[in-house]
Amino acid sequence: MFGFIVNRLIATIPVLGMVAIFVFLMLRLTPGDPAAVLAGDNGTPQQIAEIREALGLNEPIPVQLGIWFSNLLQGDFGQSYFFKKDVTELILLRVGPTVALATTTLIITIIVAIPLGIIAAYLHGTWIDRGVMAFSVAGFSIPVFVLGYILVYLFALEIKLFPVQGYKPLADGFWPFIHHLVLPSITLSVIYIALIARITRASVLEILNEDYIRTAYAKGLKPTKVLMKHALRNAAVPIVTVIGIGIALLIGGVVVTESVFNIPGLGRLTVDAVLGRDYPTIQAVIIVFSFVYVLINLLIDLSYSLLDPRIRY
Amino acid sequence: MNWGRKIAQGAMAAALAAPMMAGLGTAASAETTLRVVMHSDLKIVDPIWTTAYMSRNYGYMVYDTLFAMDENTNIHPQMVDSYTVSDDKKTYTFTLRDGLAWHDGAPVTSEDCIASIKRWAKKDGMGQKLMEFVKEMKAVDAKTFQMVLNEPYGLVTTSLAKPSSNVPFMMPKRVADTSADEQITDYTGSGPFIFKADEWRPGDVAVFAKNTAYVPRKEPASWGSGGKVVNVDRVEWISIKDHQTAVNALIEGEVDYLESPPTDLLPLMEGAEGVTAKILNPLGNQFMFRLNHLHPPFDNVKIRRAALAAIDQIGFLQAVIGNPDYYKECPAMFVCGTSLATDKGAEIIMKSDIPLAKKLLAEAGYDGTPVVVMQSTDVDVLNNLGPVAADKLKRAGFNVDLQAMDWQTLVSRRSKKEKPADGGWNVFMTSWTAADILNPIMAAGFRANCGDAWFGWPCDAEMEKLRDRFARETNPDEQKLIAVDIQVRALEIATHANAGQWYGPSAWRSDRVSDVIGGPMPIFWNLSKK
């Protein structure tokens with residue numbers, strides 16, 4: 001197991017290296033000039049040229065890449081062009097809200113999606129099953145921002161149950177923290193619930209047709225015990241795999257949800273950095289997201305051995 | 001005790017504690033905090049280093065100016081108590097008023113002001129022009145300094161009262177001595193608010209505390225001039241990028257003030273109780289239709305004139321602003337409602353005259369060279385300008401290549417002097433706040449000094465002569481006459497076209513915020529919050 005973890009961690013290094021180089025080149029090759037943004041709308045050509053020089057943007061791209069990469073190897077993401085602050089500091093300022101949003105979203109998703117999927121599988125072919133599938137299709141089809149606005153309209157503007165926007169850290173109290181996270185978490189979780197409920201249903205349905213399930217029923221076990229102990233346990237590996245793969249979905253959703261609900265997290269930092277062509281920040285955030293993605297999928301792989309004792313590393 | 005019961009008890013305790021915590025929060029926050037959504041988030045905290053309007057707005061909070069413009073565009077002393085001009089109009093002596101102090105308690109001195117003017121003048125076009133005439137600046141004593149000119153210059157106080165980017169804000173000498181090419185890191189000012197750098201969360205919130213040591217002038221506040229009396233303890237600039245979310249937050253009372261909500265969302269606010277939307281900047285903004293003089297076909301003056309004949313203001317205004325309450329057709333390139341406003345020479349831009357445009361194109365022998373029109377797609381007030389321009393030009397017979405891009409790409413590309421086919425451009429449209437274009441020295445679009453001119457690079461010795469004459473003229477009546485000649489010349493050679501004047505309202509919770517005053521920038525002194 002230890003060897004497997006070490007190997008996988010080592011394998012992340014070239015992955016992250018490729019991501020870093022790809023993002024770096026993509027930013028340099030797409031239109032836009034941070035110097036023009038920094039100079040402001042009334043900036044003169046001379047001012048823009050001076051800023052380009054000061055930022056080192058006049059250097060050939062391989063030289064810029066070399067400088068950035070050597071700093072990166074020393075753990076230095078560089079300084080934001082705009083805020084004149086270390087990108088690491090900016091990321092640390094923003095990581096809290098995103099982790100909070102992602103965590104509550106995951107909790108809601110698991111609490112809702114897995115039971116929904118199991119029920120749909122158990123009641124296969126009934127109107128409940130069709131209802132869950134219809135919800136799944138709708139949840140997957142409605143864009144996150146549309147759902148966000150609908151929820152804001154209903155629960156913030158009409159019923160006035162939740163705030164329209166904003167984020168309160170846990171340090172401000174549990175209630176304000178949760179109060180501000182309910183709508184964004186529900187918004188973000190719907191697409192995730194749709195995905196996982198569907199996979200859970202399919203996996204459980206497949207297991208329910210296995211001989212050992214028929215045997216379990218024949219032994220006189222209650223349906224709940226059959227479902228939870230025999231079916232779900234055996235269906236868990238694909239479900240957990242999809243949860244891991246869905247992290248990419250979650251990251252994409254975080255970017256939109258944070259914008260709609262004005263949550264000052266990494267998603268909004270990404271959008272702001274992209275719009276402002278803040279290269280060091282974009283590069284760092286994408287590397288962090290990539291690392292999180294790789295790490296979570298490693299944890300998912302490791303969880304297989306807990307869920308299925310036949311799997312050994 | 002099982003876990004279910006524990007969780008239930010925890011949830012109950014949290015639910016009971018919540019109202020108590022909320023109550024504690026209310027009791028502890030007796031101070032008044034104005035929560036504001038600006039048009040963007042604060043990024044650069046050096047209003048001299050960049051021309052970004054957010055940095056200018058920040059500057060007005062934290063710094064003060066020697067002179068300032070009022071709502072009638074008259075110039076008044078602000079940090080200056082009194083000043084004299086020698087008979088030969090070559091020596092200006094400024095005396096600072098009593099009670100001026102930096103946020104760290106040190107008094108504002110002549111040396112501070114001299115260093116600040118020098119740094120500003122290295123960056124700002126109007127400052128650079130001023131410095132061409134300045135022989136020396138010297139401190140007479142701690143509160144008095146002199147500006148000695150080589151020859152009389154008509155825009156000394158106008159330059160020092162420049163209301164928009166870059167504004168000549170005064171900074172402590174130790175800060176102002178920073179190279180103009182480097183951003184400052186010391187945020188000490190002498191203005192009515194103190195920037196709370198320790199509470200600044202970039203991209204989220206910028207916090208300003210009332211400067212309790214600030215001594216306002218006695219005169220009533222008017223734009224950047226007069227008494228800057230602060231009636232709130234804190235101002236928080238909250239970054240909300242999404243317009244709809246910002247408007248919803250205002251309607252629900254989560255914020256108090258929106259600097260510039262888009263006009264298409266105004267009906268939502270007009271129907272909301274306790275919310276007022278009003279134009280605070282009476283001069284508004286002006287759309288600009290800008291041509292690139294470097295490359296065909298607009299290196300030919302007749303073809304440039306043909307483009308001007310093809311467009312009109314109403315087309316742009318209707319497509320972008322829509323509601324006539326928020327726009328006005330205006331022939332004056334120096335903005336309607338100002339002392340230099342004139343309609344001379346503007347006939348060509350007021351009405352789309354396609355036959356004239358076709359005639360000019362025929363006379364010029366236009367060969368169908370493609371015209372690259374850059375269209376910004378992500379700034380509400382600019383989105384529709386490109387397609388309208390393209391449509392008008394097509395009707396006149398231009399071969400138009402409309403290219404859509406985000407604003408940041410556009411501002412990058414407009415600085416490229418390459419041919420349009422190699423990444424350059426022929427036409428773009430933008431908008432100026434009126435306070436940036438009140439005279440031909442301030443307004444970048446009139447510069448016609450070839451490669452050093454603003455994007456588009458007009459090259460016209462006659463225009464440069466006229467601008468120079470304007471700058472040297474000390475008689476305001478004569479300046480007006482020269483400004484007329486400059487407008488006429490600008491439209492003759494088609495440096496650019498004034499494509500209409502428009503007004504962006506601000507919105508606020510009128511049930512709790514009162515005495516809001518207007519200006520070319522958002523003003524947070526004078527107003528009160530219940």
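For this structure, a couple of remarks:
- Summed residue charge, Cβ within 14 Å of B:Ala357's Cβ, Lys/Arg positive, Asp/Glu negative: +4
- The residue list B:Ala209, A:Tyr149, B:Val372 was ranked by how far each Cα lies along the charge dipole of the protein assembly as shown toward its positive end, using unit charges on Cβ atoms, and A:Tyr149 comes out on top.
- Virtual spin-label span in nm between B:Glu136 and B:Lys351, 7 Å along Cα→Cβ: 6.0 nm
- Using only alpha-carbon positions in segment B:285-502, the gyration tensor eigenvalues give semi-axes of 25, 20, 17 Å once each is multiplied by 5 and square-rooted (largest first).
- Long-range HN-HN contacts of A:Asp33 with modeled amide H, under 5 Å: B:Ser412
- For segment B:413-530, the ratio of Cα radius of gyration to the globular rule of thumb 2.2 N^0.38 Å stands at 1.42.
- Averaging the Cα positions of each part gives two centres, and for segment A:230-247 and segment B:208-245 these lie 55 Å apart.
- Taking B:Cys459, B:Cys450 and ordering them by how much accessible surface each has at a 1.4 Å probe, largest first, produces B:Cys459, B:Cys450.
- Across chain A, the relative contact order, built from alpha-carbon pairs under 8 Å that are at least six residues apart, equals 25 percent.
- Computed over protein heavy atoms with a 1.4 Å probe, the accessible surface of segment A:94-307 works out to 43 Å² per residue.
- Rg over Rh for the protein assembly as shown works out to 1.03, both radii taken from alpha-carbon positions and Rh defined as the Kirkwood radius.
- Amide H within-cut-off set for B:Ala404, under 5 Å, with H built and near neighbours excluded: B:Gln375
- Accessible-area composition of the protein assembly as shown, carbon plus sulfur, in percent [1.4 Å probe]: 60 percent
- Within the protein assembly as shown: Cβ-based charge dipole about Cα centre, in debye rounded to nearest 20 (Lys, Arg +1; Asp, Glu -1): 2300 debye
- Surface analysis of segment A:2-73 yields an accessible area of 52 Å² per residue, using protein heavy atoms and a 1.4 Å probe.
- Those Cys residues of chain B for which no other cysteine Cβ falls under 4.7 Å: B:Cys113
- Hydrodynamic estimate: the Kirkwood radius of chain B over Cα pairs, inserted into Stokes-Einstein at 37 °C and 0.692 mPa s, corresponds to D of 132 µm²/s.
- Ratio Rg/Rh, restricted to segment B:39-126 and using Cα atoms, in which Rh is the Kirkwood radius: 0.99
- Projecting the Cα positions of B:Met54, B:Asn498, B:Ala249 onto the charge dipole of the protein assembly as shown (unit charges on Cβ atoms of Lys, Arg, Asp and Glu, taken about the Cα centre) puts B:Ala249 furthest along the positive direction.
- Net charge of neighbours whose Cβ lies under 11 Å from the Cβ of A:Pro31, counting Lys and Arg as +1 and Asp and Glu as -1: +2
- Dividing the mean sequence gap of close Cα pairs (under 8 Å, 6+ apart) by how many residues chain B holds gives a relative contact order of 19 percent.
- Volume of the Cα convex hull of segment B:168-313, divided per residue and given in Å³: 231 Å³
- Computed over protein heavy atoms with a 1.4 angstrom probe, the accessible surface ordering of B:Lys302, B:Lys278, largest first, is B:Lys278, B:Lys302.
- Take the accessible area of A alone and of B alone, subtract that of the pair with a 1.4 Å probe, and the total buried over both chains is about 3900 Å².
- Among the listed pairs B:Lys118/B:Lys344; A:Lys160/B:Lys328; A:Lys84/B:Lys210; B:Lys218/B:Lys241; B:Lys122/B:Lys480; B:Lys118/B:Lys210, those beyond 31 Å (Cα-Cα): B:Lys118/B:Lys344; A:Lys160/B:Lys328; B:Lys218/B:Lys241
- Long-range amide H partners of B:Gly500 with built H, under 5 Å: B:Phe287, B:Cys330
- A loss of 40 Å² or more of accessible area (1.4 Å probe, protein heavy atoms, ligands and nucleic acids excluded) relative to the isolated chain is seen in these residues of segment A:238-274: A:Asn262, A:Arg268, A:Asp272.
- The charge dipole of segment A:53-193, taken about the Cα centre with unit charges on the Cβ atoms of Lys, Arg (+1) and Asp, Glu (-1), comes to about 400 debye, rounded to the nearest 20.
- Under the convention that each Lys and Arg Cβ holds +1 and each Asp and Glu Cβ holds -1, the size of the dipole of chain B around its Cα centre is about 340 debye.
- Comparing A:Pro62, A:Pro115, A:Pro169 in a Gaussian network model of chain A, where Cα atoms under 10 Å apart are tied by springs, the biggest mean-square fluctuation is seen for A:Pro62.
- Alpha-carbon Debye profile of segment A:144-202, log10 I(q)/I(0) at 0.12, 0.13, 0.16, 0.25 Å⁻¹: -0.35, -0.41, -0.57, -0.95
- Spacing of the two label points (7 Å from each Cα toward its C-beta) at B:Asn231 and A:Ser70, in nm: 5.9 nm
- Extended-chain gain in nm, criterion 0.36 nm per residue less alpha-carbon gap, B:Ala364 and B:Asp177: 62.1 nm
- Over segment A:155-269: Rg over Rh, Cα atoms, Kirkwood Rh: 1.17
- Taking the charge dipole of the protein assembly as shown about its Cα centre, with +1 at Lys and Arg Cβ atoms and -1 at Asp and Glu Cβ atoms, the residue from A:Ala218, B:Val388, B:Ile517 reaching farthest to the positive side is A:Ala218.
- Using every pair of distinct Cα positions in segment A:2-73, the Kirkwood expression returns a hydrodynamic radius of 14.5 angstrom.
- Label point 7 Å beyond Cα of B:Asp325 along Cβ direction - residues of segment B:246-288 with amide nitrogen under 12 Å: B:263-272, B:276-279
- Around A:Ser203: net Lys/Arg minus Asp/Glu count, Cβ-Cβ under 12 Å: +1
- Quotient of C-alpha Rg and 2.2 N^0.38 Å, computed over chain A: 1.21
- Sequence-distant aspartates and glutamates (8 or more away, or on other chains) whose Cα lies within less than 12 Å of B:Lys417: B:Asp452
The values are calculated or read from the model by the stated rules, or taken from the named source; none is laboratory data. Keep in mind the model is a prediction, meaning the values are calculated, not measured. Methodologically, a virtual Cβ is constructed for each residue, glycine included, from the backbone with ideal geometry; neighbour enumeration extends over all protein chains shown. The area values use the complete protein model at the heavy-atom level, side chains included, leaving out ligands, DNA and RNA. Shrake-Rupley method; radii C 1.70, N 1.55, O 1.52, S 1.80 Å.
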